[in-house]
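Here's the structure we're looking at; comments come further down.
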Amino acid sequence: MTTTTTLQPNAPADPYCGNCGYTLTGLTDSSKCPECGRPIVEVLTRGPRYLEAGKRYRSATTLFGLPVIDIAIGPKHGELRGRARGIIAIGDIATGWLAIGGFARGIVAIGGFALGVFALGGGSVGLLSAMGGMAMSLGLAVGGLAIGGIASGGLAIGWIANGGLAIGFFARGGEAHGVHIINRSGATSTKAVQMFGFLTWLVGSARGNVVRAFQAPFYALASVLAPGALIALLAALATRNKSQTDQASSATSANAGRPAPVRSGPGSQGTPAQGPTALRP
Ligand SMILES: [Zn+2]
(Lines give C-alpha, C1' and ligand atoms only; values in the text may rest on other atoms or scores of the structure.)
Protein backbone atom coordinates (compact mmCIF):
# COMPACT_ATOMS: atom_id res chain seq x y z
CA MET A 1 0.00 0.00 0.00
CA THR A 2 1.34 3.42 -0.88
CA THR A 3 0.49 6.05 1.64
CA THR A 4 0.41 9.61 0.45
CA THR A 5 -0.53 11.65 3.47
CA THR A 6 -1.12 14.92 1.74
CA LEU A 7 -4.87 15.19 2.20
CA GLN A 8 -5.26 14.12 5.79
CA PRO A 9 -1.94 14.47 7.53
CA ASN A 10 -3.20 13.44 10.94
CA ALA A 11 -5.99 11.12 9.89
CA PRO A 12 -3.92 7.93 10.06
CA ALA A 13 -3.17 8.54 13.72
CA ASP A 14 -6.74 9.36 14.73
CA PRO A 15 -8.42 6.38 16.31
CA TYR A 16 -12.04 6.00 15.41
CA CYS A 17 -14.88 3.53 15.63
CA GLY A 18 -14.74 1.07 12.77
CA ASN A 19 -18.44 0.41 13.19
CA CYS A 20 -19.96 3.87 13.19
CA GLY A 21 -17.04 6.19 12.44
CA TYR A 22 -17.14 8.09 15.72
CA THR A 23 -13.81 9.63 16.65
CA LEU A 24 -12.41 7.89 19.71
CA THR A 25 -9.53 10.27 20.42
CA GLY A 26 -9.02 10.80 24.14
CA LEU A 27 -11.47 8.15 25.27
CA THR A 28 -8.93 6.42 27.45
CA ASP A 29 -11.17 5.08 30.20
CA SER A 30 -14.16 4.15 28.11
CA SER A 31 -14.80 0.53 27.23
CA LYS A 32 -17.46 1.21 24.65
CA CYS A 33 -17.93 3.49 21.70
CA PRO A 34 -20.09 6.33 23.06
CA GLU A 35 -21.89 6.56 19.73
CA CYS A 36 -22.84 2.99 18.90
CA GLY A 37 -22.03 1.16 22.11
CA ARG A 38 -19.81 -1.53 20.61
CA PRO A 39 -16.79 -2.57 22.69
CA ILE A 40 -13.81 -0.43 21.83
CA VAL A 41 -11.53 -3.46 21.63
CA GLU A 42 -13.62 -4.61 18.69
CA VAL A 43 -14.10 -1.38 16.82
CA LEU A 44 -10.98 0.67 17.49
CA THR A 45 -9.53 1.50 14.12
CA ARG A 46 -6.59 3.54 12.98
CA GLY A 47 -5.61 4.42 9.48
CA PRO A 48 -6.95 6.39 6.58
CA ARG A 49 -10.66 6.62 6.93
CA TYR A 50 -11.43 6.23 3.28
CA LEU A 51 -10.21 2.65 3.56
CA GLU A 52 -13.00 2.02 6.06
CA ALA A 53 -15.66 4.10 4.38
CA GLY A 54 -17.59 1.15 2.99
CA LYS A 55 -20.56 -0.68 4.39
CA ARG A 56 -20.92 -4.25 5.52
CA TYR A 57 -24.14 -5.85 6.62
CA ARG A 58 -25.08 -9.50 6.65
CA SER A 59 -28.42 -10.71 7.90
CA ALA A 60 -28.40 -13.41 10.55
CA THR A 61 -31.25 -15.11 8.78
CA THR A 62 -30.21 -17.58 6.14
CA LEU A 63 -32.08 -19.39 3.43
CA PHE A 64 -30.60 -22.37 1.60
CA GLY A 65 -27.33 -21.66 3.37
CA LEU A 66 -27.10 -18.09 2.14
CA PRO A 67 -27.70 -14.95 4.16
CA VAL A 68 -31.05 -13.54 3.18
CA ILE A 69 -29.36 -10.24 2.54
CA ASP A 70 -25.71 -9.40 2.29
CA ILE A 71 -24.51 -5.87 1.67
CA ALA A 72 -20.87 -5.14 1.01
CA ILE A 73 -20.07 -1.86 -0.65
CA GLY A 74 -16.78 -0.01 -0.73
CA PRO A 75 -13.56 -0.57 1.18
CA LYS A 76 -13.77 -2.01 4.67
CA HIS A 77 -11.67 -4.25 6.88
CA GLY A 78 -8.82 -4.33 4.43
CA GLU A 79 -10.93 -5.20 1.39
CA LEU A 80 -10.92 -2.58 -1.32
CA ARG A 81 -14.16 -3.85 -2.81
CA GLY A 82 -17.20 -5.26 -1.17
CA ARG A 83 -18.02 -8.82 -2.09
CA ALA A 84 -21.63 -9.58 -1.31
CA ARG A 85 -23.10 -13.05 -1.39
CA GLY A 86 -26.68 -13.80 -0.43
CA ILE A 87 -30.22 -14.41 -1.55
CA ILE A 88 -30.19 -10.66 -2.04
CA ALA A 89 -26.64 -9.49 -2.59
CA ILE A 90 -25.76 -5.85 -2.87
CA GLY A 91 -22.14 -5.00 -3.45
CA ASP A 92 -19.34 -3.92 -5.64
CA ILE A 93 -19.13 -7.56 -6.62
CA ALA A 94 -22.48 -9.14 -5.90
CA THR A 95 -23.39 -12.79 -6.25
CA GLY A 96 -26.81 -14.06 -5.34
CA TRP A 97 -30.33 -14.88 -6.39
CA LEU A 98 -30.98 -11.18 -6.74
CA ALA A 99 -27.61 -9.55 -7.24
CA ILE A 100 -27.22 -5.81 -7.46
CA GLY A 101 -23.82 -4.25 -7.92
CA GLY A 102 -21.03 -2.90 -9.99
CA PHE A 103 -20.49 -6.45 -11.14
CA ALA A 104 -23.56 -8.55 -10.47
CA ARG A 105 -23.99 -12.27 -11.00
CA GLY A 106 -27.19 -14.07 -10.19
CA ILE A 107 -30.53 -15.41 -11.27
CA VAL A 108 -31.61 -11.80 -11.49
CA ALA A 109 -28.58 -9.58 -12.00
CA ILE A 110 -28.71 -5.80 -12.04
CA GLY A 111 -25.52 -3.80 -12.29
CA GLY A 112 -22.90 -1.94 -14.19
CA PHE A 113 -22.10 -5.32 -15.61
CA ALA A 114 -24.76 -7.93 -15.06
CA LEU A 115 -24.52 -11.64 -15.72
CA GLY A 116 -27.50 -13.81 -15.01
CA VAL A 117 -30.60 -15.60 -16.16
CA PHE A 118 -32.31 -12.21 -16.29
CA ALA A 119 -29.85 -9.35 -16.59
CA LEU A 120 -30.15 -5.59 -16.56
CA GLY A 121 -27.14 -3.33 -16.74
CA GLY A 122 -24.76 -1.16 -18.62
CA GLY A 123 -23.40 -4.37 -20.04
CA SER A 124 -25.69 -7.30 -19.55
CA VAL A 125 -25.52 -10.95 -20.44
CA GLY A 126 -28.64 -12.92 -19.64
CA LEU A 127 -29.63 -16.46 -20.44
CA LEU A 128 -33.30 -15.64 -20.97
CA SER A 129 -33.32 -11.87 -21.12
CA ALA A 130 -30.87 -9.00 -21.13
CA MET A 131 -31.34 -5.29 -21.27
CA GLY A 132 -28.75 -2.54 -21.28
CA GLY A 133 -26.34 -0.43 -23.22
CA MET A 134 -24.96 -3.67 -24.54
CA ALA A 135 -27.19 -6.68 -24.10
CA MET A 136 -26.65 -10.30 -25.02
CA SER A 137 -29.11 -13.11 -24.50
CA LEU A 138 -30.19 -16.42 -25.95
CA GLY A 139 -33.72 -15.15 -25.40
CA LEU A 140 -34.67 -11.51 -25.53
CA ALA A 141 -31.94 -8.89 -25.82
CA VAL A 142 -32.79 -5.20 -25.77
CA GLY A 143 -30.26 -2.41 -25.89
CA GLY A 144 -28.16 0.05 -27.79
CA LEU A 145 -26.34 -2.99 -29.05
CA ALA A 146 -28.52 -6.05 -28.74
CA ILE A 147 -27.37 -9.53 -29.62
CA GLY A 148 -29.78 -12.35 -29.02
CA GLY A 149 -32.30 -14.92 -30.11
CA ILE A 150 -34.71 -12.03 -30.35
CA ALA A 151 -32.75 -8.78 -30.51
CA SER A 152 -34.21 -5.32 -30.45
CA GLY A 153 -32.16 -2.16 -30.37
CA GLY A 154 -30.13 0.45 -32.14
CA LEU A 155 -27.94 -2.22 -33.59
CA ALA A 156 -29.70 -5.55 -33.35
CA ILE A 157 -28.10 -8.82 -34.25
CA GLY A 158 -29.99 -12.04 -33.78
CA TRP A 159 -32.08 -14.85 -35.15
CA ILE A 160 -34.89 -12.31 -35.09
CA ALA A 161 -33.51 -8.79 -35.22
CA ASN A 162 -35.43 -5.58 -34.96
CA GLY A 163 -33.84 -2.16 -34.86
CA GLY A 164 -32.18 0.78 -36.50
CA LEU A 165 -29.70 -1.54 -38.10
CA ALA A 166 -30.96 -5.09 -37.95
CA ILE A 167 -28.96 -8.12 -38.90
CA GLY A 168 -30.62 -11.49 -38.58
CA PHE A 169 -32.30 -14.49 -40.13
CA PHE A 170 -35.44 -12.42 -39.77
CA ALA A 171 -34.52 -8.75 -39.81
CA ARG A 172 -36.60 -5.63 -39.68
CA GLY A 173 -35.23 -2.13 -39.47
CA GLY A 174 -34.19 1.11 -41.07
CA GLU A 175 -31.51 -0.99 -42.56
CA ALA A 176 -31.98 -4.71 -42.49
CA HIS A 177 -29.75 -7.50 -43.55
CA GLY A 178 -30.62 -11.14 -43.51
CA VAL A 179 -32.59 -13.90 -45.12
CA HIS A 180 -36.09 -12.57 -44.54
CA ILE A 181 -36.09 -8.83 -44.25
CA ILE A 182 -38.28 -5.79 -43.94
CA ASN A 183 -36.50 -2.51 -44.46
CA ARG A 184 -37.08 1.14 -45.16
CA SER A 185 -36.25 0.76 -48.82
CA GLY A 186 -39.38 -1.29 -49.28
CA ALA A 187 -38.10 -4.81 -49.08
CA THR A 188 -40.83 -6.91 -47.46
CA SER A 189 -40.40 -10.61 -47.42
CA THR A 190 -43.60 -12.53 -46.80
CA LYS A 191 -41.99 -14.74 -44.18
CA ALA A 192 -40.62 -11.71 -42.37
CA VAL A 193 -44.05 -10.10 -42.37
CA GLN A 194 -45.50 -13.31 -40.96
CA MET A 195 -42.83 -13.63 -38.29
CA PHE A 196 -42.93 -10.01 -37.16
CA GLY A 197 -46.71 -10.09 -37.30
CA PHE A 198 -46.64 -13.11 -35.00
CA LEU A 199 -44.27 -11.26 -32.65
CA THR A 200 -45.92 -7.84 -32.71
CA TRP A 201 -46.83 -8.20 -29.01
CA LEU A 202 -43.11 -8.53 -28.24
CA VAL A 203 -41.22 -6.45 -30.77
CA GLY A 204 -43.84 -3.98 -31.83
CA SER A 205 -45.25 -3.15 -35.20
CA ALA A 206 -43.96 -1.28 -38.19
CA ARG A 207 -46.24 1.28 -39.71
CA GLY A 208 -44.77 2.71 -42.81
CA ASN A 209 -41.18 3.34 -42.01
CA VAL A 210 -41.61 3.70 -38.28
CA VAL A 211 -40.96 0.72 -36.08
CA ARG A 212 -42.87 1.02 -32.84
CA ALA A 213 -40.88 -1.12 -30.50
CA PHE A 214 -41.82 -0.04 -27.01
CA GLN A 215 -42.93 -3.55 -26.19
CA ALA A 216 -39.48 -5.10 -26.22
CA PRO A 217 -37.99 -2.82 -23.53
CA PHE A 218 -41.15 -3.27 -21.47
CA TYR A 219 -40.95 -7.05 -21.53
CA ALA A 220 -37.22 -7.08 -20.97
CA LEU A 221 -37.61 -4.84 -17.94
CA ALA A 222 -40.57 -6.83 -16.64
CA SER A 223 -38.62 -10.07 -17.05
CA VAL A 224 -36.02 -8.68 -14.65
CA LEU A 225 -38.26 -6.89 -12.20
CA ALA A 226 -40.88 -9.62 -11.75
CA PRO A 227 -38.50 -12.39 -10.61
CA GLY A 228 -36.51 -9.79 -8.71
CA ALA A 229 -39.63 -8.82 -6.78
CA LEU A 230 -40.41 -12.49 -6.13
CA ILE A 231 -36.95 -13.07 -4.68
CA ALA A 232 -37.26 -9.95 -2.54
CA LEU A 233 -40.63 -11.22 -1.32
CA LEU A 234 -39.13 -14.61 -0.50
CA ALA A 235 -36.35 -12.88 1.42
CA ALA A 236 -38.85 -10.74 3.31
CA LEU A 237 -40.93 -13.80 4.23
CA ALA A 238 -37.86 -15.70 5.42
CA THR A 239 -36.85 -12.73 7.58
CA ARG A 240 -40.36 -12.46 8.99
CA ASN A 241 -40.57 -16.18 9.77
CA LYS A 242 -37.20 -16.00 11.48
CA SER A 243 -38.18 -13.09 13.69
CA GLN A 244 -41.44 -14.86 14.60
CA THR A 245 -39.52 -18.01 15.46
CA ASP A 246 -37.17 -15.89 17.57
CA GLN A 247 -40.09 -14.32 19.41
CA ALA A 248 -41.65 -17.72 19.93
CA SER A 249 -38.46 -19.25 21.27
CA SER A 250 -37.83 -16.32 23.58
CA ALA A 251 -41.39 -16.71 24.85
CA THR A 252 -40.65 -20.38 25.39
CA SER A 253 -37.47 -19.64 27.28
CA ALA A 254 -39.34 -17.08 29.38
CA ASN A 255 -41.60 -19.91 30.47
CA ALA A 256 -38.68 -22.24 30.98
CA GLY A 257 -38.69 -21.79 34.76
CA ARG A 258 -42.22 -23.06 35.10
CA PRO A 259 -43.23 -26.62 34.51
CA ALA A 260 -44.14 -27.16 30.90
CA PRO A 261 -47.94 -27.42 30.69
CA VAL A 262 -48.40 -29.31 27.45
CA ARG A 263 -46.02 -30.20 24.71
CA SER A 264 -47.59 -27.78 22.29
CA GLY A 265 -44.98 -25.08 22.34
CA PRO A 266 -44.73 -22.85 19.34
CA GLY A 267 -42.21 -24.01 16.84
CA SER A 268 -42.09 -27.57 18.17
CA GLN A 269 -43.82 -28.83 15.08
CA GLY A 270 -43.35 -25.73 13.01
CA THR A 271 -46.97 -24.79 13.51
CA PRO A 272 -48.00 -21.36 14.73
CA ALA A 273 -48.79 -21.10 18.40
CA GLN A 274 -52.34 -22.00 19.27
CA GLY A 275 -51.79 -22.09 22.98
CA PRO A 276 -51.69 -19.37 25.61
CA THR A 277 -48.63 -17.67 24.15
CA ALA A 278 -50.18 -16.87 20.82
CA LEU A 279 -48.24 -14.09 19.18
CA ARG A 280 -49.65 -10.65 19.12
CA PRO A 281 -48.44 -8.05 16.67
ZN1 LIG B 1 -19.16 3.40 17.21
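The values are calculated or read from the model by the stated rules, or taken from the named source; none is laboratory data. Since the structure is predicted, the reported quantities are computational estimates derived from the model, not experimental observations. Backbone-built Cβ (ideal geometry, glycine too); neighbour counts: all protein chains shown.
Listed values, structure above:
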item	result
The one condition in (1) in the same structural domain as V117 (by TED's automatic domain parsing); (2) within 27 Å of the chain's Cα centre (by Cα); (3) of a type outside the set (S, T, N, Q) that G174 fails to fulfil	(2)
Test: A11 is modelled with pLDDT of 80 or more, more than 16 Å from the ligand (Cβ to nearest atom), out of contact with any Leu (no Cβ under 7 Å at 6 or more places or on another chain) and not β-branched (V, I, T)	no
Hey, A213 at pLDDT below 75, surrounded by 11 or more Cβ atoms within 10 Å (Cβ to Cβ) and in contact with a strand residue (DSSP E or B) (Cβ under 9 Å, 6 or more places away or on another chain) or not	yes
The range 26-45, residues that are surrounded by 11 or more Cβ atoms within 10 Å (Cβ to Cβ) and of a type in the set (V, I, T)	I40, V43, T45
